[in-house]
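Engineer: So that we are looking at the same thing, I have put the structure below in C-alpha cells.
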Amino acid sequence: MDIGEVAKKSGLSASALRYYEEKGLIASVGRVGLRRTFAPVVMHQLSLIALGQAAGFSLDEVAGMFSADGRATIDRKALQGKADEIDATIARLQALSNGLRHAAVCPATNHSECPTFQRLLRAAGAGKLKPPLKKAPVARKTGGKPAGKGAR
C-alpha cells in the first residue's frame, strides 16, 4: 500500500506516518516514485501504536513493543503497570466526581461550611487532584507532525 492509502485507512496523516517511520515504529518496504509503500502488516502495527498511546505509553515505550522484524513483543509487566496507573487515575477521578456532586447538593449554607468541599480544597491544594503528565506527544490525525515535535 502506498502512504496515501495507509493514511486513508488508518486516519493518520502522511506526516504522522513519516514521523513514525523516523522513530522506528513502522518501516516502509520501498517506493513507487516518491511515495513510500508499506506492507499490509503496517495496519496492525498502527493499531498497536494507537492502543499504546490510548493507554498512556510514550512513543518510545511503544517502539520497545516491536521486535526488529516489526512483530509485537509486549512486556506483560509493563501492561500490568499501566493498567494499575489507569485504575489509580479512575479512582482519583471518581473521588473527585463524587466530591463535586456532593458539593453541588450540600445542604450547608455555603461551601466554606461543607466538610466534603473543604476536603476537596485541601486535596487540590496538596496537588493530589492533578492529572498525570503526558510522557510524549501523540500524533495528530489531521495534518502536521505530532504535537511538540522538536520542542526540546
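The values are calculated or read from the model by the stated rules, or taken from the named source; none is laboratory data. The model shown is predicted, which means the values in this text are computed figures rather than measured ones. Cβ placement follows ideal geometry from the backbone for every residue including glycine, while neighbour counts extend to all protein chains displayed.
Engineer: If only one of ARG119, ARG71, ARG101 is within 30 Å of PHE38 (Cα to Cα), without any contact (Cβ under 8 Å) to a residue 24 or more places away in the chain, outside the structural domain of GLN45 (by TED's automatic domain parsing) and surrounded by 11 or more Cβ atoms within 10 Å (Cβ to Cβ), which one is it?
Structural biologist: After ruling out the rest, the residue left standing is ARG71.
Engineer: Mind checking which residues of segment 1-54 are touching a strand residue (DSSP E or B) at 6+ places or on another chain (Cβ under 7 Å), among the hydroxyl-bearing types (Ser, Thr, Tyr) and not in a loop (DSSP other than H, G, I, E, B)?
Structural biologist: Answer for segment 1-54, where residues must be touching a strand residue (DSSP E or B) at 6+ places or on another chain (Cβ under 7 Å), among the hydroxyl-bearing types (Ser, Thr, Tyr) and not in a loop (DSSP other than H, G, I, E, B): just THR37.
Engineer: I'd like the full set of residues that are touching a Pro at 6+ places or on another chain (Cβ under 9 Å) and under 13 Å from LYS130 (Cα atoms), limited to segment 90-115.
Structural biologist: ARG92, LEU93
Engineer: Turning to a different aspect of this structure: (1) surrounded by 12 or more Cβ atoms within 10 Å (Cβ to Cβ); (2) on the phi > 0 side of the Ramachandran plot; (3) more than 18 Å from the chain's Cα centre (by Cα): which one isn't true of PHE38, the others all being true?
Structural biologist: PHE38 satisfies all of (1) surrounded by 12 or more Cβ atoms within 10 Å (Cβ to Cβ); (2) on the phi > 0 side of the Ramachandran plot; (3) more than 18 Å from the chain's Cα centre (by Cα) except (2).
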